[in-house]
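As C-alpha coordinates, the structure follows; a few thoughts come after it.
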Amino acid sequence: MAEPERERKREKSPEEGGRRTAPKVTAHVSKYIHAMATLTFLGAAGTVTGSKHLLDLGDRQVLVDCGLFQGLKELRLRNWAALPLDPHRLDAVVLTHAHLDHCGYLPRLVAQGFRGRVFCTPGTNDLCTLVLPDSAHIQEEDARQANRHRYTKHAPALPLYTEVDAARALDRLQPVGYNRPVPVAKDVDVEFINAGHLLGSAYARLTFDGHTILFGGDLGRYGRPVLPDPSPVETTDILLLESTYGDRVHEADDGGARVAKIVTDSVARGGKLLIPSFAIGRVEEVIYWLKRLEDERRIPILPVYIDSPMAAAALDFYRARLSELDPLSTAPGERAVTAFCTTRMTVVSSPEESKAVMASTEPSIVIAASGMATGGRVLHHLEALLPDARHTVLFVGFQAEGTRGRQLCDGARHVKLHGHDVPVAARIERIDSMSAHADRQEIMRWLGGFARPPARTFLVHGEPPALQALAERIHAERGWQTYVPKYLERVALEM
Ligand SMILES: [Zn+2]
(Lines give C-alpha, C1' and ligand atoms only; values in the text may rest on other atoms or scores of the structure.)
Protein backbone atom coordinates (compact mmCIF):
# COMPACT_ATOMS: atom_id res chain seq x y z
CA MET A 1 0.00 0.00 0.00
CA ALA A 2 2.98 2.28 0.29
CA GLU A 3 2.93 4.27 -2.91
CA PRO A 4 4.88 7.48 -3.42
CA GLU A 5 3.01 10.75 -3.51
CA ARG A 6 4.19 11.59 -6.98
CA GLU A 7 2.48 8.52 -8.39
CA ARG A 8 -0.87 9.98 -7.46
CA LYS A 9 -3.21 10.00 -10.36
CA ARG A 10 -6.87 9.61 -10.97
CA GLU A 11 -8.59 7.93 -13.87
CA LYS A 12 -10.55 10.35 -15.99
CA SER A 13 -14.26 10.13 -15.41
CA PRO A 14 -16.50 9.81 -18.46
CA GLU A 15 -17.35 13.51 -18.05
CA GLU A 16 -13.65 14.32 -18.39
CA GLY A 17 -13.31 12.29 -21.54
CA GLY A 18 -12.34 9.00 -19.90
CA ARG A 19 -13.21 5.66 -21.47
CA ARG A 20 -16.73 4.37 -21.08
CA THR A 21 -17.84 1.24 -22.83
CA ALA A 22 -21.52 0.72 -23.38
CA PRO A 23 -23.04 -1.58 -20.78
CA LYS A 24 -24.32 -4.79 -22.31
CA VAL A 25 -27.47 -4.90 -20.20
CA THR A 26 -29.29 -1.72 -19.34
CA ALA A 27 -32.29 -0.87 -17.21
CA HIS A 28 -35.54 0.42 -18.59
CA VAL A 29 -36.01 4.06 -17.64
CA SER A 30 -39.45 5.55 -17.23
CA LYS A 31 -39.38 8.34 -14.65
CA TYR A 32 -37.12 10.05 -12.17
CA ILE A 33 -37.73 9.24 -8.54
CA HIS A 34 -35.84 12.23 -7.32
CA ALA A 35 -34.78 15.30 -9.25
CA MET A 36 -31.33 15.36 -7.67
CA ALA A 37 -30.60 11.77 -6.59
CA THR A 38 -27.47 10.24 -8.04
CA LEU A 39 -25.33 7.29 -7.21
CA THR A 40 -21.61 7.46 -7.98
CA PHE A 41 -19.57 4.28 -8.10
CA LEU A 42 -16.21 5.18 -6.57
CA GLY A 43 -15.03 1.60 -6.23
CA ALA A 44 -15.95 -2.08 -6.58
CA ALA A 45 -17.14 -1.21 -10.08
CA GLY A 46 -15.75 -3.82 -12.48
CA THR A 47 -13.49 -5.11 -9.70
CA VAL A 48 -13.79 -6.70 -6.25
CA THR A 49 -12.09 -4.09 -4.06
CA GLY A 50 -12.39 -0.42 -3.15
CA SER A 51 -16.16 -0.47 -2.36
CA LYS A 52 -17.43 3.12 -2.15
CA HIS A 53 -20.87 4.22 -3.29
CA LEU A 54 -21.89 7.85 -3.00
CA LEU A 55 -25.59 8.62 -2.66
CA ASP A 56 -25.99 12.30 -3.50
CA LEU A 57 -29.40 13.89 -2.92
CA GLY A 58 -28.23 17.39 -3.81
CA ASP A 59 -28.44 18.82 -0.32
CA ARG A 60 -27.37 15.60 1.43
CA GLN A 61 -24.60 13.09 0.75
CA VAL A 62 -24.05 9.66 2.25
CA LEU A 63 -21.13 7.41 1.37
CA VAL A 64 -21.86 3.70 1.69
CA ASP A 65 -18.67 1.74 2.34
CA CYS A 66 -15.25 3.32 2.30
CA GLY A 67 -13.02 0.53 1.10
CA LEU A 68 -9.44 0.20 0.03
CA PHE A 69 -8.42 -0.90 -3.45
CA GLN A 70 -6.22 -3.99 -3.20
CA GLY A 71 -4.43 -6.32 -5.60
CA LEU A 72 -3.07 -5.03 -8.91
CA LYS A 73 -0.86 -1.96 -8.70
CA GLU A 74 -3.10 -0.21 -11.20
CA LEU A 75 -5.94 -0.63 -8.67
CA ARG A 76 -3.87 0.24 -5.59
CA LEU A 77 -2.87 3.52 -7.23
CA ARG A 78 -6.52 4.54 -7.09
CA ASN A 79 -6.15 4.78 -3.30
CA TRP A 80 -3.91 7.77 -3.95
CA ALA A 81 -6.29 9.56 -6.30
CA ALA A 82 -8.40 12.43 -4.97
CA LEU A 83 -12.00 11.31 -4.50
CA PRO A 84 -14.46 13.29 -6.61
CA LEU A 85 -16.23 14.50 -3.46
CA ASP A 86 -15.68 17.03 -0.71
CA PRO A 87 -15.19 15.11 2.58
CA HIS A 88 -16.43 18.19 4.49
CA ARG A 89 -19.76 18.02 2.65
CA LEU A 90 -20.45 14.35 3.40
CA ASP A 91 -23.19 13.95 6.02
CA ALA A 92 -22.33 10.39 6.99
CA VAL A 93 -20.57 7.19 6.06
CA VAL A 94 -22.30 3.81 6.36
CA LEU A 95 -20.25 0.59 6.51
CA THR A 96 -21.64 -2.80 5.50
CA HIS A 97 -18.81 -4.73 7.18
CA ALA A 98 -15.25 -4.62 8.42
CA HIS A 99 -13.31 -6.17 5.54
CA LEU A 100 -10.65 -3.71 4.39
CA ASP A 101 -12.05 -3.51 0.88
CA HIS A 102 -15.19 -2.03 2.50
CA CYS A 103 -13.74 0.08 5.36
CA GLY A 104 -9.99 0.43 4.80
CA TYR A 105 -10.08 3.87 3.18
CA LEU A 106 -11.82 5.45 6.17
CA PRO A 107 -8.65 6.79 7.87
CA ARG A 108 -7.68 8.51 4.62
CA LEU A 109 -11.16 10.08 4.34
CA VAL A 110 -10.98 11.36 7.93
CA ALA A 111 -7.45 12.67 7.30
CA GLN A 112 -8.93 14.57 4.33
CA GLY A 113 -11.42 16.34 6.58
CA PHE A 114 -14.50 14.10 6.99
CA ARG A 115 -16.05 14.98 10.37
CA GLY A 116 -19.41 13.18 10.27
CA ARG A 117 -20.37 9.89 11.88
CA VAL A 118 -19.64 6.43 10.51
CA PHE A 119 -22.65 4.16 11.06
CA CYS A 120 -22.09 0.42 11.37
CA THR A 121 -23.20 -2.57 13.41
CA PRO A 122 -21.57 -3.22 16.81
CA GLY A 123 -19.79 -6.27 15.34
CA THR A 124 -18.34 -4.13 12.54
CA ASN A 125 -17.35 -1.53 15.12
CA ASP A 126 -15.47 -4.24 17.08
CA LEU A 127 -13.65 -5.61 14.06
CA CYS A 128 -12.77 -2.10 12.78
CA THR A 129 -10.88 -1.50 16.03
CA LEU A 130 -8.61 -4.35 14.88
CA VAL A 131 -8.37 -3.95 11.13
CA LEU A 132 -7.92 -0.19 10.74
CA PRO A 133 -4.93 0.24 13.11
CA ASP A 134 -3.44 -2.94 11.64
CA SER A 135 -3.85 -1.65 8.09
CA ALA A 136 -2.21 1.63 9.08
CA HIS A 137 0.63 -0.26 10.75
CA ILE A 138 1.22 -2.41 7.65
CA GLN A 139 1.30 0.65 5.43
CA GLU A 140 3.69 2.53 7.67
CA GLU A 141 5.89 -0.57 7.93
CA ASP A 142 5.84 -1.18 4.15
CA ALA A 143 6.87 2.43 3.56
CA ARG A 144 9.70 2.08 6.10
CA GLN A 145 10.89 -1.18 4.54
CA ALA A 146 10.72 0.24 1.01
CA ASN A 147 12.80 3.20 2.09
CA ARG A 148 15.27 1.10 4.08
CA HIS A 149 15.87 -1.51 1.37
CA ARG A 150 15.31 0.94 -1.49
CA TYR A 151 13.07 -1.49 -3.36
CA THR A 152 11.06 1.46 -4.50
CA LYS A 153 12.31 3.70 -7.28
CA HIS A 154 10.59 6.56 -5.48
CA ALA A 155 11.96 8.20 -2.37
CA PRO A 156 10.65 8.64 0.12
CA ALA A 157 7.77 6.16 -0.02
CA LEU A 158 4.88 7.38 2.15
CA PRO A 159 2.12 5.42 3.88
CA LEU A 160 -1.42 5.99 2.63
CA TYR A 161 -2.34 6.80 6.24
CA THR A 162 -0.90 6.43 9.70
CA GLU A 163 -1.96 4.79 12.96
CA VAL A 164 -2.95 8.25 14.22
CA ASP A 165 -5.29 8.62 11.22
CA ALA A 166 -6.77 5.17 11.99
CA ALA A 167 -7.40 6.15 15.64
CA ARG A 168 -9.18 9.32 14.47
CA ALA A 169 -11.33 7.23 12.12
CA LEU A 170 -12.33 4.90 14.98
CA ASP A 171 -13.51 7.94 16.96
CA ARG A 172 -16.14 8.56 14.29
CA LEU A 173 -17.74 5.08 14.49
CA GLN A 174 -21.37 5.00 15.60
CA PRO A 175 -22.56 1.43 16.29
CA VAL A 176 -26.23 0.63 15.59
CA GLY A 177 -27.89 -2.77 16.16
CA TYR A 178 -29.48 -4.89 13.43
CA ASN A 179 -33.04 -4.21 12.24
CA ARG A 180 -33.34 -0.76 13.82
CA PRO A 181 -33.66 2.11 11.31
CA VAL A 182 -31.81 5.23 12.43
CA PRO A 183 -31.38 8.64 10.78
CA VAL A 184 -27.95 9.26 9.22
CA ALA A 185 -28.82 12.54 7.47
CA LYS A 186 -31.93 14.70 7.17
CA ASP A 187 -34.76 12.36 6.09
CA VAL A 188 -32.31 9.59 5.30
CA ASP A 189 -32.45 6.44 7.45
CA VAL A 190 -30.27 3.37 7.48
CA GLU A 191 -31.20 -0.09 8.70
CA PHE A 192 -28.68 -2.93 8.98
CA ILE A 193 -29.80 -6.47 8.07
CA ASN A 194 -27.58 -9.48 8.80
CA ALA A 195 -25.84 -10.59 5.58
CA GLY A 196 -24.14 -13.68 7.06
CA HIS A 197 -20.77 -12.83 5.51
CA LEU A 198 -18.69 -11.86 8.56
CA LEU A 199 -19.35 -10.99 12.19
CA GLY A 200 -21.34 -7.74 12.04
CA SER A 201 -21.84 -7.91 8.27
CA ALA A 202 -24.98 -6.30 6.92
CA TYR A 203 -26.92 -5.06 4.00
CA ALA A 204 -27.46 -1.35 4.50
CA ARG A 205 -31.05 -0.42 3.64
CA LEU A 206 -31.21 3.33 3.06
CA THR A 207 -34.59 5.01 2.85
CA PHE A 208 -35.07 8.57 1.69
CA ASP A 209 -38.17 10.46 0.53
CA GLY A 210 -40.19 7.22 0.43
CA HIS A 211 -37.64 5.29 -1.62
CA THR A 212 -35.38 2.41 -0.67
CA ILE A 213 -31.89 1.42 -1.77
CA LEU A 214 -30.46 -1.84 -0.54
CA PHE A 215 -26.67 -1.75 -0.53
CA GLY A 216 -25.97 -5.47 -0.50
CA GLY A 217 -22.38 -5.29 0.73
CA ASP A 218 -21.02 -8.83 0.52
CA LEU A 219 -23.56 -11.65 0.55
CA GLY A 220 -22.97 -14.66 2.81
CA ARG A 221 -23.80 -18.31 2.19
CA TYR A 222 -26.40 -20.89 3.09
CA GLY A 223 -25.95 -23.80 5.45
CA ARG A 224 -22.40 -22.97 6.53
CA PRO A 225 -20.94 -23.34 10.01
CA VAL A 226 -20.20 -20.29 12.18
CA LEU A 227 -22.15 -17.67 10.21
CA PRO A 228 -25.93 -17.53 9.74
CA ASP A 229 -27.65 -17.73 6.35
CA PRO A 230 -28.07 -14.37 4.59
CA SER A 231 -31.33 -12.76 5.77
CA PRO A 232 -34.10 -12.73 3.17
CA VAL A 233 -35.25 -9.38 1.77
CA GLU A 234 -38.59 -8.96 0.00
CA THR A 235 -38.52 -5.54 -1.57
CA THR A 236 -36.33 -2.63 -2.48
CA ASP A 237 -36.55 0.02 -5.18
CA ILE A 238 -32.87 -0.13 -6.01
CA LEU A 239 -30.45 -2.98 -5.33
CA LEU A 240 -26.65 -3.07 -5.36
CA LEU A 241 -25.63 -6.71 -5.64
CA GLU A 242 -22.17 -8.22 -5.26
CA SER A 243 -20.98 -10.49 -8.05
CA THR A 244 -17.64 -11.89 -6.80
CA TYR A 245 -18.62 -15.46 -7.68
CA GLY A 246 -21.31 -14.58 -10.20
CA ASP A 247 -19.81 -16.99 -12.73
CA ARG A 248 -18.95 -19.85 -10.40
CA VAL A 249 -20.42 -22.47 -8.13
CA HIS A 250 -18.41 -23.35 -5.02
CA GLU A 251 -17.28 -26.90 -4.64
CA ALA A 252 -19.84 -28.84 -2.62
CA ASP A 253 -19.30 -29.14 1.10
CA ASP A 254 -17.53 -32.50 1.53
CA GLY A 255 -17.86 -32.69 5.31
CA GLY A 256 -14.19 -31.79 5.77
CA ALA A 257 -12.82 -34.63 3.57
CA ARG A 258 -10.30 -32.48 1.66
CA VAL A 259 -9.08 -30.66 4.74
CA ALA A 260 -8.58 -34.05 6.41
CA LYS A 261 -6.63 -35.37 3.41
CA ILE A 262 -4.43 -32.27 3.17
CA VAL A 263 -3.63 -32.43 6.90
CA THR A 264 -2.85 -36.16 6.90
CA ASP A 265 -0.76 -35.94 3.68
CA SER A 266 1.19 -33.08 5.18
CA VAL A 267 1.90 -35.08 8.35
CA ALA A 268 2.87 -38.15 6.28
CA ARG A 269 5.51 -36.07 4.45
CA GLY A 270 6.84 -34.75 7.76
CA GLY A 271 6.01 -31.22 6.74
CA LYS A 272 4.16 -28.25 8.10
CA LEU A 273 0.83 -26.97 6.88
CA LEU A 274 0.60 -23.21 6.45
CA ILE A 275 -2.86 -21.73 6.03
CA PRO A 276 -2.74 -18.08 4.95
CA SER A 277 -5.98 -16.67 6.24
CA PHE A 278 -7.74 -13.38 6.54
CA ALA A 279 -7.30 -12.57 10.21
CA ILE A 280 -10.99 -11.89 10.51
CA GLY A 281 -13.75 -13.98 9.06
CA ARG A 282 -11.91 -17.10 7.98
CA VAL A 283 -9.85 -18.33 10.92
CA GLU A 284 -13.11 -19.14 12.75
CA GLU A 285 -14.21 -21.60 10.08
CA VAL A 286 -10.76 -23.14 9.69
CA ILE A 287 -10.72 -23.80 13.44
CA TYR A 288 -14.26 -25.19 13.28
CA TRP A 289 -13.21 -27.82 10.72
CA LEU A 290 -9.92 -28.71 12.43
CA LYS A 291 -11.70 -29.22 15.77
CA ARG A 292 -14.47 -31.27 14.18
CA LEU A 293 -11.95 -33.47 12.34
CA GLU A 294 -9.97 -33.95 15.56
CA ASP A 295 -13.15 -34.90 17.44
CA GLU A 296 -14.09 -37.36 14.70
CA ARG A 297 -10.52 -38.78 14.82
CA ARG A 298 -10.03 -38.08 11.11
CA ILE A 299 -6.83 -36.10 11.66
CA PRO A 300 -4.13 -36.45 14.32
CA ILE A 301 -4.06 -33.93 17.17
CA LEU A 302 -1.40 -31.47 16.00
CA PRO A 303 -0.15 -28.22 17.45
CA VAL A 304 -2.17 -25.43 15.83
CA TYR A 305 -0.57 -21.99 15.94
CA ILE A 306 -2.66 -18.89 15.42
CA ASP A 307 0.17 -16.58 14.37
CA SER A 308 -1.94 -13.46 14.27
CA PRO A 309 -2.76 -11.42 17.36
CA MET A 310 -5.56 -9.83 15.34
CA ALA A 311 -7.11 -13.21 14.55
CA ALA A 312 -6.99 -14.12 18.24
CA ALA A 313 -8.67 -10.86 19.20
CA ALA A 314 -11.31 -11.38 16.51
CA LEU A 315 -12.08 -14.83 17.95
CA ASP A 316 -12.89 -13.10 21.25
CA PHE A 317 -15.35 -10.81 19.45
CA TYR A 318 -16.99 -13.84 17.81
CA ARG A 319 -17.32 -15.55 21.21
CA ALA A 320 -18.95 -12.40 22.58
CA ARG A 321 -21.64 -12.26 19.87
CA LEU A 322 -22.79 -15.85 19.53
CA SER A 323 -26.42 -14.76 19.12
CA GLU A 324 -25.50 -13.19 15.76
CA LEU A 325 -23.90 -16.42 14.48
CA ASP A 326 -25.26 -19.64 12.96
CA PRO A 327 -27.82 -21.07 15.40
CA LEU A 328 -26.72 -24.67 14.62
CA SER A 329 -23.04 -23.98 15.22
CA THR A 330 -23.70 -22.26 18.51
CA ALA A 331 -26.29 -24.65 19.94
CA PRO A 332 -24.98 -26.86 22.76
CA GLY A 333 -23.66 -30.16 21.46
CA GLU A 334 -20.84 -31.66 19.47
CA ARG A 335 -20.89 -29.19 16.62
CA ALA A 336 -20.81 -26.12 18.84
CA VAL A 337 -18.07 -23.65 17.98
CA THR A 338 -18.60 -21.53 21.05
CA ALA A 339 -15.02 -22.07 22.21
CA PHE A 340 -13.38 -21.49 18.80
CA CYS A 341 -10.47 -23.69 19.88
CA THR A 342 -8.72 -26.90 18.78
CA THR A 343 -7.19 -29.42 21.22
CA ARG A 344 -3.63 -28.04 21.09
CA MET A 345 -4.15 -24.46 19.96
CA THR A 346 -1.62 -21.74 20.76
CA VAL A 347 -2.02 -18.06 20.08
CA VAL A 348 1.35 -16.67 19.01
CA SER A 349 1.67 -13.14 20.27
CA SER A 350 5.22 -11.78 20.05
CA PRO A 351 7.36 -11.66 16.90
CA GLU A 352 9.95 -13.76 18.80
CA GLU A 353 7.42 -16.56 19.37
CA SER A 354 6.47 -16.28 15.71
CA LYS A 355 10.13 -16.79 14.74
CA ALA A 356 10.32 -19.84 17.02
CA VAL A 357 7.24 -21.34 15.33
CA MET A 358 8.79 -20.57 11.94
CA ALA A 359 12.09 -22.26 12.90
CA SER A 360 10.42 -25.38 14.35
CA THR A 361 10.44 -28.46 12.10
CA GLU A 362 7.76 -30.29 14.09
CA PRO A 363 4.69 -31.19 11.99
CA SER A 364 2.13 -28.55 12.83
CA ILE A 365 -0.54 -26.30 11.42
CA VAL A 366 0.20 -22.59 11.23
CA ILE A 367 -2.57 -20.11 10.52
CA ALA A 368 -1.27 -16.64 9.68
CA ALA A 369 -2.52 -13.48 7.99
CA SER A 370 -2.88 -12.11 5.39
CA GLY A 371 -5.15 -14.42 3.43
CA MET A 372 -3.90 -13.39 -0.01
CA ALA A 373 -0.27 -13.26 1.19
CA THR A 374 -0.08 -9.54 0.51
CA GLY A 375 1.49 -8.71 3.90
CA GLY A 376 1.68 -9.72 7.54
CA ARG A 377 3.45 -12.58 9.32
CA VAL A 378 2.48 -15.13 6.69
CA LEU A 379 5.20 -13.71 4.43
CA HIS A 380 7.98 -14.91 6.78
CA HIS A 381 6.43 -18.36 6.98
CA LEU A 382 6.13 -18.50 3.18
CA GLU A 383 9.77 -17.52 2.83
CA ALA A 384 10.75 -20.38 5.12
CA LEU A 385 8.40 -23.06 3.76
CA LEU A 386 8.00 -22.45 0.01
CA PRO A 387 11.43 -23.77 -1.06
CA ASP A 388 10.86 -27.14 0.70
CA ALA A 389 8.70 -29.81 -1.00
CA ARG A 390 7.70 -31.40 2.32
CA HIS A 391 5.53 -28.45 3.26
CA THR A 392 2.03 -27.48 2.16
CA VAL A 393 0.41 -24.09 1.75
CA LEU A 394 -3.38 -24.17 1.80
CA PHE A 395 -5.33 -21.14 0.53
CA VAL A 396 -8.90 -20.95 1.81
CA GLY A 397 -10.24 -17.68 0.39
CA PHE A 398 -10.69 -15.61 -2.76
CA GLN A 399 -7.33 -14.66 -4.30
CA ALA A 400 -7.53 -11.32 -6.10
CA GLU A 401 -5.58 -10.62 -9.29
CA GLY A 402 -2.08 -9.34 -8.67
CA THR A 403 -1.67 -10.90 -5.21
CA ARG A 404 0.97 -13.49 -4.27
CA GLY A 405 -1.87 -15.80 -3.30
CA ARG A 406 -3.23 -15.70 -6.85
CA GLN A 407 0.28 -16.21 -8.30
CA LEU A 408 0.85 -19.28 -6.13
CA CYS A 409 -2.59 -20.74 -6.91
CA ASP A 410 -1.89 -20.13 -10.61
CA GLY A 411 1.25 -22.27 -10.32
CA ALA A 412 4.03 -19.65 -10.02
CA ARG A 413 7.45 -21.34 -9.67
CA HIS A 414 8.86 -18.42 -7.73
CA VAL A 415 7.42 -15.40 -5.93
CA LYS A 416 8.88 -12.15 -4.71
CA LEU A 417 9.09 -11.86 -0.92
CA HIS A 418 10.79 -9.00 0.91
CA GLY A 419 12.45 -7.84 -2.28
CA HIS A 420 13.88 -11.15 -3.52
CA ASP A 421 12.78 -14.20 -5.48
CA VAL A 422 11.82 -17.30 -3.50
CA PRO A 423 11.51 -20.63 -5.37
CA VAL A 424 8.28 -22.59 -4.90
CA ALA A 425 8.73 -26.31 -4.18
CA ALA A 426 6.06 -26.70 -1.48
CA ARG A 427 2.69 -28.19 -2.35
CA ILE A 428 0.09 -25.50 -3.02
CA GLU A 429 -3.52 -26.41 -2.24
CA ARG A 430 -6.69 -24.42 -2.48
CA ILE A 431 -10.14 -24.97 -1.02
CA ASP A 432 -12.92 -22.71 -2.22
CA SER A 433 -15.73 -24.20 -0.15
CA MET A 434 -14.77 -22.01 2.83
CA SER A 435 -15.49 -18.84 0.89
CA ALA A 436 -17.69 -16.37 2.75
CA HIS A 437 -19.14 -15.06 -0.54
CA ALA A 438 -22.32 -16.49 -2.04
CA ASP A 439 -21.75 -18.30 -5.31
CA ARG A 440 -23.96 -17.96 -8.38
CA GLN A 441 -26.55 -20.44 -7.11
CA GLU A 442 -26.68 -18.82 -3.67
CA ILE A 443 -27.03 -15.34 -5.15
CA MET A 444 -29.94 -16.61 -7.27
CA ARG A 445 -31.49 -18.30 -4.23
CA TRP A 446 -31.31 -15.02 -2.30
CA LEU A 447 -32.82 -13.07 -5.21
CA GLY A 448 -35.63 -15.65 -5.23
CA GLY A 449 -36.77 -14.20 -1.90
CA PHE A 450 -37.82 -10.90 -3.48
CA ALA A 451 -41.57 -10.49 -3.84
CA ARG A 452 -41.10 -8.09 -6.75
CA PRO A 453 -38.09 -7.11 -8.83
CA PRO A 454 -36.21 -3.95 -7.85
CA ALA A 455 -36.70 -1.11 -10.35
CA ARG A 456 -32.94 -1.14 -10.88
CA THR A 457 -30.32 -3.70 -9.99
CA PHE A 458 -26.69 -2.63 -10.13
CA LEU A 459 -24.09 -5.37 -10.26
CA VAL A 460 -20.94 -4.41 -8.38
CA HIS A 461 -18.01 -6.06 -6.61
CA GLY A 462 -17.01 -8.49 -9.33
CA GLU A 463 -14.46 -8.93 -12.08
CA PRO A 464 -15.87 -8.44 -15.61
CA PRO A 465 -16.53 -12.12 -16.52
CA ALA A 466 -18.41 -12.67 -13.23
CA LEU A 467 -20.46 -9.47 -13.70
CA GLN A 468 -21.40 -10.37 -17.24
CA ALA A 469 -22.29 -13.98 -16.39
CA LEU A 470 -24.42 -12.94 -13.43
CA ALA A 471 -26.23 -10.27 -15.48
CA GLU A 472 -27.12 -12.90 -18.06
CA ARG A 473 -28.18 -15.42 -15.43
CA ILE A 474 -30.45 -12.93 -13.63
CA HIS A 475 -32.04 -11.93 -16.92
CA ALA A 476 -32.56 -15.54 -17.99
CA GLU A 477 -33.87 -16.87 -14.66
CA ARG A 478 -35.76 -13.91 -13.25
CA GLY A 479 -36.24 -11.60 -16.21
CA TRP A 480 -34.73 -8.68 -14.31
CA GLN A 481 -32.77 -5.99 -16.10
CA THR A 482 -29.41 -5.25 -14.53
CA TYR A 483 -26.77 -2.60 -15.01
CA VAL A 484 -23.00 -2.89 -14.57
CA PRO A 485 -21.63 0.54 -13.60
CA LYS A 486 -18.13 1.66 -14.52
CA TYR A 487 -15.53 3.06 -12.12
CA LEU A 488 -16.41 6.70 -11.29
CA GLU A 489 -19.68 6.49 -13.21
CA ARG A 490 -22.48 8.65 -11.85
CA VAL A 491 -26.01 7.40 -12.43
CA ALA A 492 -29.25 9.35 -11.97
CA LEU A 493 -31.63 7.25 -9.90
CA GLU A 494 -34.63 6.45 -12.01
CA MET A 495 -37.51 3.98 -11.81
ZN1 LIG B 1 -16.28 -8.91 2.65
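Below, the figures for the structure above:
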| quantity | calculated |
| --- | --- |
| Computed Kirkwood radius, in angstrom, where 1/r is averaged over Cα pairs of segment 215-315 | 16.3 Å |
| Cα pair distances exceeding 27 angstrom across segment 268-395, given as percent | 16 percent |
| Global geometry of segment 146-223, whether rounded, prolate or oblate, following the gyration tensor of its Cα atoms and the 1.5 cut on a/c | prolate |
| Share of carbon and sulfur in the accessible heavy-atom surface of the chain [1.4 Å probe, %] | 51 percent |
| Over the chain: helical MRE at 222 nm, DSSP H runs n ≥ 4 each giving -39500 (n - 2.57), nearest 500 | -8000 deg cm²/dmol |
| Crossing angle, helix 257-268 versus the chain [Cα axis fit, 0-90 degrees, rounded to tens] | 30 degrees |
| Helix axis angle, 464-478 relative to the chain longest principal axis, alpha carbon, degrees | 60 degrees |
| Span from the segment 287-325 Cα centroid across to the segment 337-393 one, whole angstrom | 14 Å |
| Separation in nanometres of the label points that stand 7 Å from Cα toward Cβ, at GLU353 and LEU322 | 2.4 nm |
| Where only C-alpha atoms are counted, convex hull volume of segment 355-495 per residue in Å³ | 146 Å³ |
| Restraint check, LYS52/LYS416; LYS261/LYS416; LYS416/LYS486; LYS261/LYS291, Cα-Cα greater than 21 Å | LYS52/LYS416; LYS261/LYS416; LYS416/LYS486 |
| Calculated over the chain: convex hull of Cα atoms, volume per residue (Å³) | 138 Å³ |
| Solvent-accessible area per residue, Å², over segment 154-257 with all protein chains present [probe radius 1.4 Å] | 35 Å² |
| For segment 47-156: rounded, prolate or oblate by the Cα gyration tensor [a/c cutoff 1.5] | prolate |
| For segment 367-426: rounded, prolate or oblate by the Cα gyration tensor [a/c cutoff 1.5] | rounded |
| Beta bridges by DSSP in the chain, antiparallel share as percent, to the nearest 5 | 45 percent |
| Potential lengthening between LYS416 and ALA252 on full extension [0.36 nm per residue; Cα-Cα distance subtracted] | 55.7 nm |
| Two-site FRET efficiency, THR343 against GLU74, from Cβ-Cβ distance with R₀ of 60 Å, rounded to 0.05 | 0.85 |
| Cα-based Rg / Dmax (Å) for segment 145-278 | 21.8, 64 |
| In sequence order, calculated HN-Hα J values of segment 449-462 (Karplus, 6.51, -1.76, 1.60; Hz; x Gly/Pro) | x, 6, 6, 8, x, x, 5, 9, 10, 9, 9, 10, 6, x |
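The values are calculated or read from the model by the stated rules, or taken from the named source; none is laboratory data. Quick caveat: nothing in here was measured; it's all calculated off a predicted structure. For neighbour counting, all protein chains shown are included, and Cβ atoms are generated from backbone atoms with ideal geometry for every residue, glycine included. Surface areas here come from the heavy atoms of the whole protein model, side chains and all, with no ligands, DNA or RNA. Shrake-Rupley method; radii C 1.70, N 1.55, O 1.52, S 1.80 Å.
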